[in-house]
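Before any comments, here is the structure.
The values are calculated or read from the model by the stated rules, or taken from the named source; none is laboratory data. Predicted model only: the values in this text are computed from it and were never measured. Glycine gets a Cβ as well: all are built from the backbone with ideal geometry, and neighbour counts include every protein chain shown.
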């Protein structure tokens with residue numbers, strides 16, 4: 001399973017994070033988040049985007065129901 005959408009990797013048994021074709025981090029989602037390395041950095045950036053998108057959708061729904 002190869003993914004650029006890190007939210008879908010949370011449930012994988014083993015995640016291998018590559019940079020320039022080399023393994024730089026490896027482990028479960030929880031392990032990699034605790035490392036606070038490149039995987040965690042990218043996950044946080046993507047998570048922030050999804051949270052903002054969700055807030056925008058909620059705002060749109062609330063404004064149409066008002």
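Of note:
- Residue in the stretch 39-58 that is modelled with pLDDT of 70 or more and touching a strand residue (DSSP E or B) at 6+ places or on another chain (Cβ under 7 Å) present: yes
- Selected residue [at pLDDT below 90, at negative phi and under 15 Å from the mean Cα position of the chain (by Cα)] from 62, 6, 32: 6
- Cross-chain or 6+ apart pairs with Cβ under 6 Å, the stretch 3-21 first and surrounded by 10 or more Cβ atoms within 10 Å (Cβ to Cβ), then modelled with pLDDT under 90 and in a loop (DSSP other than H, G, I, E, B): 9/3
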